[in-house]
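Right, one structure below, let's go through it.
What follows draws every value from the coordinates through simple rules; no lab data is involved. None of these values were measured; they are calculated from a predicted model. Please note: Cβ atoms are built from the backbone with ideal geometry, for glycine as well, and neighbour counts cover all protein chains shown.
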Amino acid sequence: MTQEDGGLDGLVRKRIRALRVAQGWSLDELATRANLSQSSLSRIENGRRRLALDQLVTLARALDTTLDQLVETAADDVVTSPMIDAAHRSMRWPIKGDPGMTVMRRRMTEPPPDNPARMRAHPGREWLVVLSGTAILMLGHRRFRVETNQAAEFPTMMPHAIGTEGGPCEILGIFDRDARRGHQREGGESDTQGAGE
């Protein structure tokens, strides 16, 4: 790395050390995993040895991360405003680090459909947490009650629907790329329809 990269250089060194400590590994343990000597790793962490690309790749692999994540700098657009879908009373945020993932917040006032023909099935996975109230998650012929602060995760190839019980509820859901596409394809409806209601 060059002199101009001094800020990034120091950040990468701190990350290497922080990731090692978070794993509970000594210098010797990480050095062994990265095929480096303990003294070389110590000098890398302390800034007494230059960072070489081949060593960074090896260290990233040993720390179970990627080179991109190891050298990533903070973007200017850290704060994101939601996209509002007033018709479905929801907000959604794309996840910049993984454009295939979407976070959605939705207020629901209706129970799940009684008719199983109104349940959806499509590729993907969904995860949700109930922020307030009680949600009812229908998965095939099974009915799950999800209370405030409880979460549910399920494959969306299972016919599913979600609604509320005993008053309004709010959920925060995370959709992977396939689940989001499944909601976009079905009848031109918003991808923020929640977990299939």
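What distance in nm separates the simple spin-label points at Ser39 and Arg125, each placed 7 Å from Cα in the Cβ direction?
Computed distance between label sites Ser39 and Arg125 equals 4.5 nm.
Per residue of segment 52-61, what does 6.51 cos²θ - 1.76 cosθ + 1.60 with θ = phi - 60° give for ³J(HN,Hα)? Whole Hz please, x for Gly and Pro, Karplus curve as stated.
9, 4, 5, 5, 5, 4, 5, 5, 4, 5
On a C-alpha basis, how far is the centre of segment 19-33 from the centre of segment 116-167 in Å? Whole number, if you could?
Here the two parts' Cα centres lie 41 Å apart.
Across segment 27-34, in residue order, what do the Karplus-derived ³J(HN,Hα) couplings come to in whole Hz, using 6.51 cos²θ - 1.76 cosθ + 1.60 with θ = phi - 60° and x for Gly and Pro?
4, 5, 5, 5, 4, 4, 5, 9
Taking R0 as 22 Å, what's the FRET efficiency between Thr58 and Ala18 from their Cβ-Cβ distance, rounded to 0.05? Intermediate values should be presented prior to the final figure.
Numbers: r = 18 Å, r/R0 = 0.80.
It comes out at approximately 0.80.
Run the simple label-point estimate for Asn115 and Arg89 please: 7 Å along Cα→C-beta, distance reported in nm.
Between Asn115 and Arg89, the label points sit 2.2 nm apart.
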